[in-house]
Amino acid sequence: MKIKGPKDFWAGLMFITVGLFFLIWAQMHYQTGSAVRMGPGYFPSVLGGLLAFLGALVLIDSFVEEGPKVAKFHFRPLLFLLASSLAFAYLLKPLGLVLASIALVFISALGGHEFKWKEVAILSVVLVIFSVLVFVKGLVLPFPICPDFIERCPIR
């Protein structure tokens, strides 16, 4: 058998692996129950099984239909997204939501193939306003808005 669609082949294999992992994990660590009386392992088992089934369909399709080749993997965007997430997590408490969100946007934007200061600055301001309105004001989550070293924060 010849693989005609390498992208579909690897995607199907990944879906099967992840689906079976969650199916087996849920079966081993949680009570499944039944459709009438669902246990905590029922939902992850069903979703894992469905994902594995869809992965099998995609995998089979990779032997039937021609498809694109797998593109070269780029590590730079992945590393910058990881770095921005870690920076946000570590900067949230000492610097507050505003500065941590700005750092998140600027660091993650460095991972792209284009970086325009004006666009990134506008995006960071929009994200900060949205985050404060939704998470702090709307959902009343206890995020520090301003840095610890500022005694009187204008946004409260």
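Brief remarks on what is shown
- Summed over segment 33-55, residues that are open to solvent by less than 100 Å² (accessible area, probe 1.4 Å) and assigned to a loop (DSSP other than H, G, I, E, B) total 5.
- Boolean, Leu104 is outside any loop (DSSP other than H, G, I, E, B), surrounded by 15 or more Cβ atoms within 10 Å (Cβ to Cβ) and over 23 Å from the mean Cα position of the chain (by Cα): no
- Subset of segment 56-93 (residues that are modelled with pLDDT under 85 and open to solvent by less than 90 Å² (accessible area, probe 1.4 Å)): Gly67, Pro68, Val70, Ala71
- Count of residues meeting criterion [part of a helix (DSSP H, G or I), open to solvent by less than 90 Å² (accessible area, probe 1.4 Å) and not hydrophobic (A, V, I, L, M, F, W, C)] in segment 7-32: 4
- Here Ala109 meets each of (1) open to solvent by less than 70 Å² (accessible area, probe 1.4 Å); (2) of a type in the set (A, V, I, L, M, F, W, C); (3) under 30 Å from Lys7 (Cα atoms); (4) modelled with pLDDT under 90 with one exception, condition (4).
- When each of Gly96, Gly67, Gly55 is tested for being in contact (Cβ under 8 Å) with a residue 40 or more places away in the chain and touching a Cys at 6+ places or on another chain (Cβ under 8 Å), the lone residue that passes is Gly96.
The values are calculated or read from the model by the stated rules, or taken from the named source; none is laboratory data. Being a predicted model, the structure only gives us computed values, none of them experimental. Every residue, glycine among them, receives a Cβ derived from its backbone with ideal geometry; neighbour counts consider all protein chains shown. To get the accessible areas, we keep the full protein, side chains included, count just its heavy atoms, and leave off ligands, DNA and RNA. Shrake-Rupley method; radii C 1.70, N 1.55, O 1.52, S 1.80 Å.
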